[in-house]
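**Q** Mind looking over this structure? Questions follow.
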Amino acid sequence: MDLGIRGRVALVGGASSGLGRATADRLAAEGCRLCIWARSSEALERTADELRERHGTEVIVVAADATDPSAAETVAKHALDGYGVVDIVILNAGGPPTADPAQTTPDGWALAFQLLSVTPIQLASRLLPGMRERGWGRVVSILTSGVRQPIPELVYSNAARSALMAWMKTTAHAVAGEGVTMNGVLPGRLSTPRIEFLDYERARRTGQTLEAVRAEQIAAIPVGRYGHPEELASFVAYVCSEPAAYQTGTFTAVDGGLIAGLP
Ligand SMILES: NC(=O)c1ccc[n+]([C@@H]2O[C@H](COP(=O)([O-])OP(=O)(O)OC[C@H]3O[C@@H](n4cnc5c(N)ncnc54)[C@H](OP(=O)(O)O)[C@@H]3O)[C@@H](O)[C@H]2O)c1
């Protein structure tokens with residue numbers, strides 16, 4: 001299927017690893033020009049070189065920390081200075097720390113909300129006027145299955161991403177008539193450094209072996225394995241496409257059936 005996004009400019013967060021990187025790769029394969037961002041410039045430069053080599057596409061990079069209140073403005077300005085427009089924005093960065101849900105702290109909440117709600121909302125809000133003016137735009141957030149089925153040790157993620165989701169649903173309605181769609185993707189457990197870290201943390205906390213933790217996690221996934229980042233990236237690319245113009249305000253799990261309830 002021709003996704004119809006050749007030449008579009010895509011701004012992808014957390015693009016030096018895992019889900020963000022796979023998404024950047026997929027959008028580059030579809031002919032998008034990229035601006036990628038995360039904290040480490042070296043990792044971004046390495047990723048950019050690989051993407052240019054593999055797809056012959058233009059890639060610019062910007063280093064910023066999504067927990068910093070100035071990150072959204074820095075990133076948006078860099079992308080707009082580089083390309084003049086941003087057509088597609090993928091809201092993604094790292095995850096928050098694990099926590100006992102009965103022992104959260106104000107500092108923990110402030111950090112989680114900046115990382116997972118305020119920065120992505122500010123970034124998308126900065127780019128929406130241009131998309132609305134041009135009558136075309138795609139905003140896609142990478143959320144978590146935890147917004148539907150809370151993950152016990154990830155209370156900051158479950159809650160702060162739910163706020164982003166509520167903002168997206170509300171705003172999707174406001175911009176739907178102007179060619180701009182806003183959708184979310186809910187990953188379950190796809191093999192990335194973040195998931196490796198979380199499995200390791202759980203093993204440490206519970207005294208289980210890493211293998212036992214993985215076996216327990218996989219037992220809860222009907223498909224019977226962790227996902228590959230590319231399996232989420234293909235779906236994200238579709239949601240960014242021309243044929244997906246009628247899909248907005250949706251939140252779709254890519255989780256191998258992990259979420260047990262109705263959508
Ligand atoms: N993998 C899954 O199955 C899964 C499931 C549910 C939710 N998620 C969520 O999806 C997002 C991506 O996860 P992933 O598995 O792809 O993780 P990952 O492989 O660890 O990649 C995280 C990416 O985000 C960047 N990043 C981390 N902290 C950042 C910050 N404060 N500001 C800006 N960039 C930051 C990292 O680069 P730097 O370290 O250089 O900044 C890296 O590029 C995370 O929010 C994660 O919690 C993932």
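The values are calculated or read from the model by the stated rules, or taken from the named source; none is laboratory data. Values in this document were obtained by computation on a predicted structure and should not be read as measured data. Because the Cβ atoms are built from the backbone with ideal geometry, glycine has one as well, and the counts that use them run over all protein chains shown.
**Q** For the range 22-50, which residues satisfy the criterion of being surrounded by fewer than 18 Cβ atoms within 10 Å (Cβ to Cβ) and more than 21 Å from Leu123 (Cβ to Cβ)?
**A** Answer for the range 22-50, where residues must be surrounded by fewer than 18 Cβ atoms within 10 Å (Cβ to Cβ) and more than 21 Å from Leu123 (Cβ to Cβ): Ala29, Gly31, Glu42, Glu45, Arg46, Asp49, Glu50.
**Q** So, one more: Got at least one residue in the range 183-196 being within 21 Å of the chain's Cα centre (by Cα) and more than 26 Å from Val89 (Cα to Cα)?
**A** yes
**Q** Ok, one more. State which residue pairs qualify: first residue acidic (Asp, Glu) and inside the range 197-220, second residue not in a helix (DSSP H, G or I) in any location, beta carbons under 7 Å apart, and separation of 6 or more residues or different chains.
**A** That search, which allows pairs on different chains as well, returns Glu201/Thr98.
**Q** Just the residues that are in a helix (DSSP H, G or I) and either surrounded by 15 or more Cβ atoms within 10 Å (Cβ to Cβ) or at pLDDT below 95 (or both), please, taken from the range 51-66.
**A** Leu51, His55
**Q** Of all residues in the range 68-88, which are of a type in the set (Gly, Ala, Ser) and under 17 Å from the mean Cα position of the chain (by Cα)?
**A** Of everything in the range 68-88, those that are of a type in the set (Gly, Ala, Ser) and under 17 Å from the mean Cα position of the chain (by Cα) turn out to be Ala71, Ala72, Ala76.
**Q** Let me ask you something else. Let me confirm something: among Pro152, Pro222, which residue is exposed (fewer than 14 other Cβ atoms within 10 Å of the Cβ), at negative phi, in the same structural domain as Leu115 (by TED's automatic domain parsing) and within 16 Å of the ligand (Cβ to nearest atom)?
**A** Going through Pro152, Pro222 in turn, the sole match is Pro152.
**Q** Next question, about the same structure. Out of the residues in the range 178-213 meeting the condition of being within 13 Å of the ligand (Cβ to nearest atom) and surrounded by fewer than 19 Cβ atoms within 10 Å (Cβ to Cβ), tell me which one is farthest from Ile121 (Cα to Cα).
**A** Tyr200
**Q** Separate question: If you go through the range 30-48, how many residues are more than 23 Å from Arg194 (Cβ to Cβ) and either assigned to a helix (DSSP H, G or I) or basic (Lys, Arg) (or both)?
**A** Count: 1.
**Q** Also, I was wondering about something else. Please work out which residue is farthest from Pro229 (Cα to Cα), limiting yourself to the range 78-107 and to residues that are within 16 Å of the ligand (Cβ to nearest atom) and surrounded by fewer than 16 Cβ atoms within 10 Å (Cβ to Cβ).
**A** That would be Asp107.
**Q** Arg225 versus (1) among the basic types (Lys, Arg); (2) over 22 Å from Leu91 (Cα atoms); (3) at pLDDT 95 or above; (4) outside any loop (DSSP other than H, G, I, E, B): which is the lone unmet condition?
**A** Result: Arg225 fails condition (4) only.
**Q** Ok, one more. Return the pairs, sorted by first residue and then second, in which the second residue is among the β-branched types (Val, Ile, Thr) and within 9 Å of the ligand (Cβ to nearest atom), the first residue lies in the range 1-24 and is outside the structural domain of Gly130 (by TED's automatic domain parsing) and over 14 Å from Asp87 (Cα atoms), the beta carbons are less than 8 Å apart, and the residues are 6+ apart or on different chains.
**A** Final answer for the pair search is none.
**Q** Is it true that some residue in the range 121-130 is of a type outside the set (Phe, Trp, Tyr) and either touching a Phe, Trp or Tyr at 6+ places or on another chain (Cβ under 7 Å) or outside any helix (DSSP H, G or I) (or both)?
**A** yes
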